[in-house]
Amino acid sequence: MLFDLQNPVPEMLTQERFNSMAQTLSKADWHDLKAHYSYNPDIAMWTLDRVGLDTSDRKEQLGVSVTRAGFDALRFTNPASTFQFFGLAQLPDIIDQALQAKIAVLHPVPEPLSAALVAKDLRERDAWDSASGIHIEDVRTRHGALFGSTDSYIASAGSVLANLRAFVGSGG
């Protein structure tokens, strides 16, 4: 979900979606964007050359155009879905704390956030239409107190959102 938020041009498109995008985008945007797609007959989909797009001087503009036209990658995520975002930079400290507490098995899970909340907070993006099913993550731990939590998560939704802001702000 974070990758799609930061990289709005979809990785793969069906022929139907590819044709729809061709008819919707401006001729200039479509000309530049289609140069980064190639058809893969093994999966019957158009696949994106992400490296080529990432090095294009039009990457940002093409992302904006795709989003405005309603073809952005985020549409593959239902806004009601919830995810547990975990910053891997925290892992060494969490492992140290668990070892010191002699915990053999630990689920270091933060409080879940909805896709809509993350998109609104990080990109000021309002909810979007999606035909995708709702994905729910809500794993809990018995060891929340070890990490200063009063519930069954190692971090609150607010602290997770603050960490996501820092991650995205650093270009992560």
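The values are calculated or read from the model by the stated rules, or taken from the named source; none is laboratory data. All values reported here derive from a predicted model rather than from experimental measurement. We place every Cβ from the backbone using ideal geometry, glycine too, and count neighbours over all the protein chains shown. With ligands, DNA and RNA removed, areas are computed over all heavy atoms of the protein, side chains included. Shrake-Rupley method; radii C 1.70, N 1.55, O 1.52, S 1.80 Å.
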Q) Roughly speaking, to the nearest percent, how much of the chain's 1.4 Å accessible area is carbon and sulfur? A) 54 percent
Q.
List the trypsin sites (Lys or Arg not before Pro) within the stretch 68-130 that DSSP assigns to loop and that have no more than 12 neighbouring Cβ atoms inside 10 Å.
A. Lys102
Q) Which residue fluctuates the most in the chain, going by a Gaussian network model with Cα springs under 10 Å, if the choices are Glu16, Glu137, Glu60? A) Glu16
Q. Which one of Ala119, Ala145, Ala101 has the biggest mean-square fluctuation once the chain is modelled by GNM with Cα springs under 10 Å?
A. Ala101
Q | Count of Lys pairs (Cα-Cα under 30 Å; at least 8 positions apart or interchain) in the chain | A | 4
Q | Acute angle (nearest 10 degrees) that the helix 91-100 long axis makes with the longest principal axis of the chain, alpha-carbon atoms | A | 20 degrees
